[in-house]
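Structure first, then comments.
No lab work stands behind these numbers, since they all come straight from the coordinates. Just so you know, these numbers come straight off a predicted model, no measurement behind them. Methodologically, a virtual Cβ is constructed for each residue, glycine included, from the backbone with ideal geometry; neighbour enumeration extends over all protein chains shown.
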Amino acid sequence: MGLDFIPHGITAKITVLNLAHNRIKHIQSQDLQQAVNLRALLLQSNKISSIDEDSFWSLGKLERLDLSNNSLAHLSPVWFGHLFSLQHLHLQGNSYRDLGQSSPFSSLKNLSSLHLGNLQFSVIRQGNFDGIELLHQLWIDGSNLSQYEQGSLKSIKQINHMILNLRNSNIFSEIVRDLLHSVTWLEVRRITFSNAAEMQVLRVMSSSFVKKISFRQTLLTDATVPEIVSILEDMPKLVELELVDCRLLGTGQWKMEIQAKKSQTLRILTIKKLSIEEFYLFTDLQSVEGLLSLLTRVTVQNTKVFLVPCRISQHLQSLVYLDLSANLLGDLSLEHSACQGGWPSLQTLNLSQNSLSDLERTSKSLSHLGNLIVLDISQNNFGEIPDVCDWPKSLKYLNLSGTQIPKVTTCIPQTLEVLDVSGNNLKEFGLQLPLLKELYLTRNQLKTLPGAAPIPNLVSLSVRRNKLNSFSKEEFESFRRMKLLDASDNNFICSCEFLSFLHHEAGISQVLVGWPDKYVCDSPLAVRGAQVGAVHLSLMECHRSLVVSLICILVFLVILLLVAVGYKYHMVWYLRMTWAWLQAKRKPKRAPPKDVCYDAFVSYSENDSDWVENTMVRELEQACPPFRLCLHKRDFVPGKWIVDNIIDSIEKSRKTLFVLSEHFVQSEWCKYELDFSHFRLFDENNDAAILVLLEPIQSKAIPKRFCKLRKIMNTKTYLEWPLEE
């Protein structure tokens, strides 16, 4: 948010405060004074260069503090003096050159992980780690570390995972000497082993009790590999070796012969993204054959392996797990790699993302592996699938996802308990697999479920992202004995009866269908991850046709009700009146004086015309001086809309004379004339309306829609025509 300071108002209610990636430069004493319940404070990637000594004193419950990637030029022990609960402290990426003369961490008794270092970090002194006895993880970024005082790390009794980012092999050797018996997993980053002479400095590692060692982004050469292997052989407790994102300059023609005394403890070898620039010239590794017989797990991923020499495979006598994914193995090279006598104990083989193209040939190459249980050959481009294949008799798990096979045939082994054929555009699945328990058919083109009879022991089925839209009664049997059905991301038109069957008859305990989260249907089911019976499907999803019919009937009844109400309360009249009012409002409020040509517009009912025409009009128009009246019979323009005639006549008259009677209040046109006159009366704030009661009118006899007439009679003086003329 571009903040330059810690915001005010941080109270005891806050437990996690993330202010990372701002522009904060200074932490003041009062900034966090009230945050007594804070558990995590994330301040990484700011510009913090100074911290008041008592800034963190109130944070006794703080467990995680991240000050990485800031501009701290020094570390003060006072900052951390009251952080008794702190477990994770990240300080890497600042500008301090050392940790001070004493330990900044002496009060952090619960510290579990500590990240230190930066490009300027150059000195580690004795006493810098006093007070720390046990760490789960210690990460020292010392790419420019030039001075290490012997014994500085010796005070730490146990470190589960030690990460060292160093370039200086001498410093590395001195640190390892202090950690011979305290580190369980040592991870070395960015170090360069370029010549054999440098390796002599690292001979101290052979006495280390490390159980796992990892090299990341490390440079190796043909000259140094034999020395490293020799050192690793001597490590008395080493179980696992890992190389990740490393670089090897050479072709495996190691000049120094490796002593074949074998490591009696090394069991796991992992190599990921090893860059060998001249991999096509790499030798057959005959010199390391003797080191391989005790390995039980080998992973070589994304390393451009195109062949495993037969002799290497035959020496892997104890291997039970082999991962060769994301390499360049083809059909012919697999035949040579999995030669007779090779991988005799292998149980799990991962050949995904290679260059295999012939499924029949692949199965035949592996058929002699008598102990193979799990085989992953996904993400290869087989394209076609034969009718008959020769698989290992013990195979129980087969992954053929994303292999471009257009259909499934009897090539699939009958011994399988788990089969994954996702992402293959399959349109049907009709195999007979009597032992199958789990079937994954995600991202295909299925419109129907696989039959139940050929897969009697199926307990888990995934048909996500297919083209299923319903289940027939026959397909219901597919769910018998099943415990999990994932049918989400399809086009289901389902019913509550179906869901009830799933729960009560088929006995499925969990169904994943991806339906909405609001349910009103009475039959139980489950959506993504929920238990059947715990939630209900919406009524719309359950009975779509019935709901649509009910909605149509309801809309018809509402319209009918509106028509009845409108008729009873003159809604049509009000609508017409509104339109006329809008027409009137668009015209000028008063006609110009030259356009006023009547003294009064007379509004009356046709039933009162005899009195109006023969008595009132005659008297007024023959008076001295005479009044000029506007009568609709005489003065309205023929062919003009009646409403326009009324509006124009009222506007061209100085007054509007209303002759009120029982007949008047029953006339719609009289109502229009009264309303238009009322608009003018209020718009101009004058007394344009004159009322003459031709006969007494009971107030309850005036319809409710004549609200303006009631108001005028209550506020204006009106005339009453006497019973005796």
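The phi-based Karplus calculation (6.51 cos²θ - 1.76 cosθ + 1.60; θ = phi - 60°) puts the 3J(HN,Hα) values of region 51-58 at 9, 4, 4, 9, 4, 9, 5, 8 Hz, whole numbers, x for Gly and Pro. Near F215, the amide H atoms lying under 5 Å from its own belong to V188, E242, L243, V244; only residues 5 or more places off or on other chains count, and H is placed 1.01 Å from N. Each residue of region 233-243 is assigned a 3J(HN,Hα), and the resulting list reads 4, 7, 6, x, 10, 5, 10, 9, 10, 10, 10 Hz, derived from the Karplus form 6.51 cos²θ - 1.76 cosθ + 1.60 (θ = phi - 60°), x at Gly and Pro.
Cross-link pairs exceeding 30 Å in C-alpha to C-alpha distance, out of K304/K447; K393/K447; K13/K157; K364/K427, comprise K304/K447; K393/K447; K13/K157. Full extension of the chain between W721 and S76 gives 221.7 nm of extra length, using 0.36 nm per residue less the Cα-Cα distance.
Evaluating 6.51 cos²θ - 1.76 cosθ + 1.60 at θ = phi - 60° for every residue in region 291-300, the Karplus couplings come out as 8, 9, 5, 9, 5, 10, 9, 10, 10, 10 Hz, glycine and proline recorded as x.
Under the criterion of Cα pairs below 8 Å and six or more residues apart, the relative contact order for region 137-203 equals 36 percent. Could you give the nm distance between label points at A197 and K393, where each point is 7 Å from its Cα heading toward the beta carbon? In this crude label model, A197 to K393 measures out at 6.1 nm.
On the basis of the beta-carbon distance and an R0 of 30 Å, L332 and R297 show a calculated FRET efficiency of 0.70. For D222 and Q445, the FRET efficiency from 1/(1 + (r/R0)^6), where r spans their Cβ atoms and R0 equals 56 Å, is about 0.60.
Of the peptides 621-632, 381-392, the ranking by mean beta-carbon count within 10 Å, highest at the top, reads 381-392, 621-632. Short-range pairs are left out: with C-alpha atoms under 8 Å and at least six residues apart, the relative contact order of region 366-457 is 23 percent. For region 64-139 and region 615-632, compute the distance between their C-alpha centroids and round to whole Å. Rounded to whole Å, the Cα centres lie 108 Å apart. Expressed as a whole number of Å, what is the distance separating the alpha-carbon centroids of region 286-343 and region 385-411? Spelled out, the Cα-based centre of one part sits 22 Å from the other. At an R0 of 45 angstrom, the distance between the Cβ atoms of L435 and E277 translates into a FRET efficiency of 0.45.
Take 332-341, 361-370 and order them by the average number of nearby Cβ atoms within 10 Å per residue, most first; the result is 361-370, 332-341.
Here the label points at K157 and S367, each 7 Å from Cα along the C-beta direction, are separated by 6.1 nm in the simple model.
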